[in-house]
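A short write-up of the structure that comes next.
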Amino acid sequence: MHNSSNLQFLKHTLDNGLEIIAEANPEAFSLSLGYFVKTGSRDETPEIAGVSHFLEHMMFKGTQRRSSVDVNRELDELGSQSNAYTSEEQTVYYISILPENQLHALDLLSDMMRPTLREDDFVTEKQVILEEIAMYDDQPPYGAMERLSEEFFGIHPLATRVLGTKESVTELSAQAMREYHAARYAPNNLCLVATGAVDFDQLIRDAQRLTEHWKPSPSKRILSLPKPSSKQINLIHPPATQQYTIEYAPGPGYLDENRYVSRVLATILGDDSGSRLFWELVDNGLADTAVCFTSEFQDCGIFGAYLACAPDQQIENWDILQKILADAKNSPIDEKELELAKNKICAGLILASERPSNRLFSVGNAWTIRHTYEPVGPASDHYRNVTLDQVQHAFEQLASRIRVSISVGPET
């Protein structure tokens with residue numbers, strides 16, 4: 001058990017393998033609950049690409065005890081904020097409620113984890129997913145990030161699109177989804193996370209009763225390093241009014257301590273306000289957006305750059321962006337820039353931590369991916385401890401990075 005001010009970290013594992021964790025805060029007025037499922041697009045085979053996200057939609061379509069109308073009505077009655085999302089590595093279902101509704105919310109969420117997955121619901125929802133794919137490809141940057149992931153990751157499982165493709169979703173059968181659900185939504189591949197004004201002992205007793213019929217399953221994830229090689233791709237999308245250019249380079253993953261250095265560097269070079277790219281490209285009107293960002297996964301990560309500007313300025317602006325990222329020797333990072341970046345990141349962490357709903361994701365993600373609990377203080381310390389030498393070294397390495405980039409815009 002760890003203490004940070006009045007916070008308590010509590011954990012328990014049920015006989016069926018379901019992990020239950022909580023960051024209990026006796027001073028909170030609300031609580032958040034979530035099921036973190038350790039499954040996402042990287043756990044799919046090409047034939048069933050998109051099944052995790054499709055399944056997330058189907059979890060709201062009814063259970064043995066509740067119709068889809070009941071599920072949505074009860075979510076409303078709880079007066080709660082509730083939602084779900086699917087990423088490359090996990091699917092999360094969450095709800096924020098008043099403490100007196102803890103049992104009702106847990107009962108509803110747990111019931112939703114065992115949906116009926118009826119054929120007629122499946123057929124109807126398939127059309128919704130196909131429309132979502134088409135709509136997504138029709139919005140800036142027009143599917144460029146998905147295509148970039150495919151090019152960057154190649155045969156690595158992280159190349160799989162979260163939404164799947166039109167072809168994979170069209171071909172998907174309800175039976176394949178049921179099999180995937182049985183394998184991946186097993187209790188030993190789930191984590192029940194609670195933050196805020198939680199009654200933990202009661203949570204364990206209720207979860208035990210509600211999930212005792214859930215059967216464990218051997219579900220593994222294959223971890224490996226991608227092997228990208230530098231390339232540049234240009235796509236034409238006539239309706240586009242701007243040119244969108246995105247680049248991925250290898251970066252540290254979730255299990256690599258260097259991720260803190262990488263995030264600080266991305267903030268200094270390309271935060272959306274007050275960074276080097278901001279002053280050089282956005283503040284003086286050359287580009288609408290010019291940012292650096294990081295993405296972390298279990299076995300690897302990305303250091304990325306993104307530019308959106310008028311098509312006739314793209315070449316010039318992209319050159320400026322590349323010069324800034326390659327300029328470590330001539331324009332080393334100074335102490336003032338480093339402090340500003342650290343303050344920005346730490347302030348963001350502290351402000352976000354004031355709501356149990358935000359803590360739910362911090363606590364849940366850290367536990368499901370790294371099996372560690374990290375209060376806000378120690379999390380901030382990781383950034384505070386980043387040194388000028390570390391950031392400068394990471395900056396210098398950018399000059400020789402492997403770069404995979406995609407640019408999409410109208411034909412010029």
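The values are calculated or read from the model by the stated rules, or taken from the named source; none is laboratory data. Predicted model only: the values in this text are computed from it and were never measured. As a convention, Cβ positions derive from the backbone with ideal geometry for all residues, glycine included, and neighbour counts pool all protein chains shown.
Counting just the residues of segment 209-234 that are within 25 Å of the chain's Cα centre (by Cα) and among the charged types (D, E, K, R), which one comes out modelled with the lowest pLDDT?
Once the filter is applied, the top-ranked residue is LYS220.
Kindly provide the set of residues from segment 144-202 that are on the phi > 0 side of the Ramachandran plot and in a strand (DSSP E or B), ordered by number. Break it down stepwise before answering.
Keep residues of segment 144-202 that are on the phi > 0 side of the Ramachandran plot, which gives 154, 164, 196.
Within segment 144-202, GLY196 is the sole residue that qualifies.
Please indicate, with yes or no, whether at least one residue in segment 59-66 is closer than 17 Å to TRP214 by Cβ, surrounded by 14 or more Cβ atoms within 10 Å (Cβ to Cβ) and among the aromatic types (Phe, Trp, Tyr).
no
Would you call LEU351 part of a helix (DSSP H, G or I), free of Cβ contacts under 8 Å to residues at least 12 places away in the same chain and among the aliphatic types (A, V, I, L, M)?
yes
Can you list the strands (runs of 3 or more DSSP E) found entirely within segment 1-72 that contain at least 1 residues being in contact with a Gly (Cβ under 7 Å, 6 or more places away or on another chain), of a type in the set (S, T, N, Q) and outside the structural domain of ASN365 (by TED's automatic domain parsing)? Steps first, answer last, please.
Working: elements: 7-13, 19-24, 31-37.
Answer list for segment 1-72: 31-37.
Could you look through segment 1-27, keep only residues that are of a type in the set (Gly, Ala, Ser) and at pLDDT below 95, and pick out the one that is nearest to ALA183 (Cα to Cα)?
As a first pass, look at segment 1-27 and keep what is of a type in the set (Gly, Ala, Ser): 4-5, 17, 22, 24.
Next, from what is left, pick out any that are at pLDDT below 95: 4-5.
On the way: SER4: 37, SER5: 40 Å.
Filtering first and then ranking leaves SER4.
So is ALA84 of a type outside the set (Asp, Glu) and touching a helix residue (DSSP H, G or I) at 6+ places or on another chain (Cβ under 6 Å) or not? Step through it out loud before you land on a result.
Numbers: of a type outside the set (Asp, Glu): yes; touching a helix residue (DSSP H, G or I) at 6+ places or on another chain (Cβ under 6 Å): yes.
Yes; evaluated as a whole, the condition is true for this residue.
Could we say that LEU203 is out of contact with any strand residue (DSSP E or B) (no Cβ under 9 Å at 6 or more places or on another chain) and either more than 30 Å from TYR136 (Cα to Cα) or in the same structural domain as PRO115 (by TED's automatic domain parsing) (or both) here? Break it down into steps so the answer makes sense when it comes.
On the way: out of contact with any strand residue (DSSP E or B) (no Cβ under 9 Å at 6 or more places or on another chain): no; either more than 30 Å from TYR136 (Cα to Cα) or in the same structural domain as PRO115 (by TED's automatic domain parsing) (or both): yes.
When the stated conditions are applied, LEU203 does not pass them.
Looking only at segment 80-136, filter to residues that are in a loop (DSSP other than H, G, I, E, B) and charged (D, E, K, R); which one of those is farthest from the chain's Cα centre (by Cα)? Give the steps one after another, and end with the answer.
First pass over segment 80-136, keeping only residues in a loop (DSSP other than H, G, I, E, B): 80, 87-90, 98, 113-114, 116-118.
If we keep only those that are charged (D, E, K, R) as well, we get 88-89, 114, 118.
On the way: GLU88: 7, GLU89: 8, ARG114: 23, ARG118: 29 Å.
Checked segment 80-136; the qualifying residue farthest from the chain's Cα centre (by Cα) is ARG118.
Among the listed residues LEU223, LEU172, LEU190, LEU148, which satisfies the condition of being in the same structural domain as LEU109 (by TED's automatic domain parsing), hydrophobic (A, V, I, L, M, F, W, C) and out of contact with any strand residue (DSSP E or B) (no Cβ under 8 Å at 6 or more places or on another chain)?
Details: LEU223 fails: in the same structural domain as LEU109 (by TED's automatic domain parsing); LEU190 fails: out of contact with any strand residue (DSSP E or B) (no Cβ under 8 Å at 6 or more places or on another chain); LEU148 fails: out of contact with any strand residue (DSSP E or B) (no Cβ under 8 Å at 6 or more places or on another chain).
None of the other options fit; the residue is LEU172.
Just to check your reading of the model, which residue among VAL386, VAL408 is touching a strand residue (DSSP E or B) at 6+ places or on another chain (Cβ under 7 Å) and not in a helix (DSSP H, G or I)? Spell out the reasoning first.
Working: VAL386 fails: touching a strand residue (DSSP E or B) at 6+ places or on another chain (Cβ under 7 Å).
Residue meeting the stated conditions: VAL408.
Could you please tell me which pairs satisfy a Cβ distance under 7 Å, a separation of 6+ or placement on different chains, a first residue in segment 302-331 that is farther than 20 Å from ALA394 by Cα and modelled with pLDDT of 95 or more, and a second residue that is among the hydroxyl-bearing types (Ser, Thr, Tyr) and assigned to a loop (DSSP other than H, G, I, E, B)?
From residues that are farther than 20 Å from ALA394 by Cα and modelled with pLDDT of 95 or more, the pairs are PRO311/THR412; ASP312/THR412.
Hey, could you check segment 341-366 for residues that are in contact with a Gly (Cβ under 7 Å, 6 or more places away or on another chain) and modelled with pLDDT of 95 or more and say which is nearest to LYS11 (Cα to Cα)?
Let us first name the residues in segment 341-366 that are in contact with a Gly (Cβ under 7 Å, 6 or more places away or on another chain), namely 356, 360, 364.
The next check asks that each one be modelled with pLDDT of 95 or more; those that pass are 360, 364.
Values: LEU360: 14, GLY364: 12 Å.
Selected residue: GLY364.
Out of everything in segment 237-291 that is free of Cβ contacts under 8 Å to residues at least 40 places away in the same chain and in a helix (DSSP H, G or I), what residue ends up being nearest to the chain's Cα centre (by Cα)?
Going through the qualifying residues, I end up with ALA266.
For THR368, only one of the following conditions fails: (1) in contact with a Phe, Trp or Tyr (Cβ under 7 Å, 6 or more places away or on another chain); (2) surrounded by fewer than 20 Cβ atoms within 10 Å (Cβ to Cβ); (3) closer than 30 Å to GLN102 by Cβ. What is its number?
Checking THR368 against (1) in contact with a Phe, Trp or Tyr (Cβ under 7 Å, 6 or more places away or on another chain); (2) surrounded by fewer than 20 Cβ atoms within 10 Å (Cβ to Cβ); (3) closer than 30 Å to GLN102 by Cβ, the one that fails is (2).
Take the residues of segment 110-132 that are farther than 15 Å from GLY164 by Cα and touching a Gly at 6+ places or on another chain (Cβ under 8 Å): which is surrounded by the most Cβ atoms within 10 Å (Cβ to Cβ)?
Going through segment 110-132, the residues farther than 15 Å from GLY164 by Cα turn out to be 110-124.
Checking which are touching a Gly at 6+ places or on another chain (Cβ under 8 Å) leaves us with 115-116, 118, 121.
Numbers: PRO115: 23, THR116: 16, ARG118: 14, ASP121: 18.
Checking each candidate, the answer is PRO115.
Confirm whether GLU396 is charged (D, E, K, R), surrounded by fewer than 19 Cβ atoms within 10 Å (Cβ to Cβ) and either farther than 17 Å from ARG276 by Cβ or not assigned by TED's automatic domain parsing to the domain that holds ALA144 (or both).
Values: charged (D, E, K, R): yes; surrounded by fewer than 19 Cβ atoms within 10 Å (Cβ to Cβ): yes; either farther than 17 Å from ARG276 by Cβ or not assigned by TED's automatic domain parsing to the domain that holds ALA144 (or both): yes.
Yes; evaluated as a whole, the condition is true for this residue.
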